[in-house]
Structure formats: C-alpha cells, structure tokens
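Participant: Shown below is the structure under consideration.
The values are calculated or read from the model by the stated rules, or taken from the named source; none is laboratory data. Treat the numbers as computed from the prediction; the structure is a model and nothing was measured. No Cβ is skipped: glycine too gets one built from the backbone with ideal geometry, and neighbour counts run over all protein chains shown.
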Amino acid sequence: MPRGDGTGPAGAGPGTGMGRGRGGQGRGRMGGNRAGAGPSGYCVCPSCGERVAHRVGTPCYQTVCPKCGAKMVRE
C-alpha cells in the first residue's frame, strides 16, 4: 500500500499471477515423462518395446528388460 489508500502496486491484484487459469501450465511438479515423473507409469524397452510397470524408487534407466536385457526408458 504505497499511499495507504488500499490500491497497492500496479499488477499485483488477484488474477495477475501465472496460475492455472491465467496462462500457466497447471500440471504440477511431477507430471510428464522425465526423471521424477511420479510413482505411476511404465518402463519401456527401446529395443523390443516390452512394457513393465514402473517400480517406486527404481529409475527406469536402471531397470533391465526381461526379454532382451536392454536398459529401459520411462514412458
């Protein structure tokens, strides 16, 4: 409140942030297919296409494909 009249600085009122309804992504921190993408999902073999459920605490790149033995990636 620069002058004590309740106006506040310009552009700092409700609806001016980067929230979900105002141009932000709205996906949260753990969405997507990158490292740390959350507990659900699948690990996929890039060689043969085998899919296995992702295990919490084990990155997909450390998981070995049960069919061909290649390192898996996150789907």
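Participant: Restricting the search to region 49-63, which residues are surrounded by 12 or more Cβ atoms within 10 Å (Cβ to Cβ) and either at pLDDT 95 or above or in contact with a strand residue (DSSP E or B) (Cβ under 6 Å, 6 or more places away or on another chain) (or both)?
Facilitator: GLU50, ARG51, VAL52, HIS54, CYS60, THR63
Participant: Which residue pairs have Cβ atoms closer than 7 Å, lie 6 or more positions apart in sequence or on different chains, and pair a first residue in region 48-62 that is touching a residue at least 60 places away in the same chain (Cβ under 8 Å) and within 11 Å of MET72 (Cβ to Cβ) with a second residue that is surrounded by 13 or more Cβ atoms within 10 Å (Cβ to Cβ) and of a type in the set (Gly, Ala, Ser)?
Facilitator: Short answer, once both residue conditions are applied: none.
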